[in-house]
């Protein structure tokens, strides 16, 4: 017999056409003709909807996992970079702070050393003027002979030598105060400079008046006055800016 659906010959006893799968009965009761179903039409609607939902769910889950993985990598990289930059900046600031601290320590030591040198020079000047030993440096006269000829000079040299000694003591006090980081050290430096200037000018004026030396001695005062002023200004600037010399402010 022939298949009523596809028209092919059926040579075996079966209720299904081996060519198209059409079902029929041997008693002649044949099913109504219908089109061949497509493969996706053989799947029920519920199954299709379930499969579609599962595919969409798997797709969304895969996208979420991929997005979460990318966010985690991005966040981890960002945190690493940020922490690394913070650490580098902190280390850089620490190194800069250490370098600046070393510079301040060096300038502090230089200031203290210069004040110690000033104190030694003032004490040496006091000894030279009180004893008249500076005449021995010239080699032409001795101190005793010069003072025998010019007794007024002994008095002036003694007074100026005493003033140099007092100034040296003030400088030593300023040195001790600055070593302890006290603010009084700055004022003592200024006081010592003013005291020395007054004593030196008074000594020059007294010599000029006593021995009629003219204005040459007073005119030469700028040779020591200008360097002294520059030194005091420089020291005051360092004291103001250097935290190592202002430890008292941190307490």
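The values are calculated or read from the model by the stated rules, or taken from the named source; none is laboratory data. Small disclaimer: the values here were computed from a predicted structure and weren't measured. For neighbour counting, all protein chains shown are included, and Cβ atoms are generated from backbone atoms with ideal geometry for every residue, glycine included.
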Next on the checklist: Anything in region 163-174 that is surrounded by fewer than 21 Cβ atoms within 10 Å (Cβ to Cβ) and under 35 Å from the mean Cα position of the chain (by Cα)? List them, or say none.
Outcome noted: 172, 173
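Give me the residue from region 38-63 that is part of a helix (DSSP H, G or I) and at pLDDT below 70 and, out of that set, surrounded by the most Cβ atoms within 10 Å (Cβ to Cβ). It would help to see each step written out before you state the result.
First, the residues of region 38-63 that are part of a helix (DSSP H, G or I): 39-42, 45-63.
Those still in the list that are at pLDDT below 70 too: 39-42, 45-48.
On the way: 39: 6, 40: 7, 41: 10, 42: 8, 45: 7, 46: 8, 47: 10, 48: 12.
Among those residues, the one meeting the criterion is 48.
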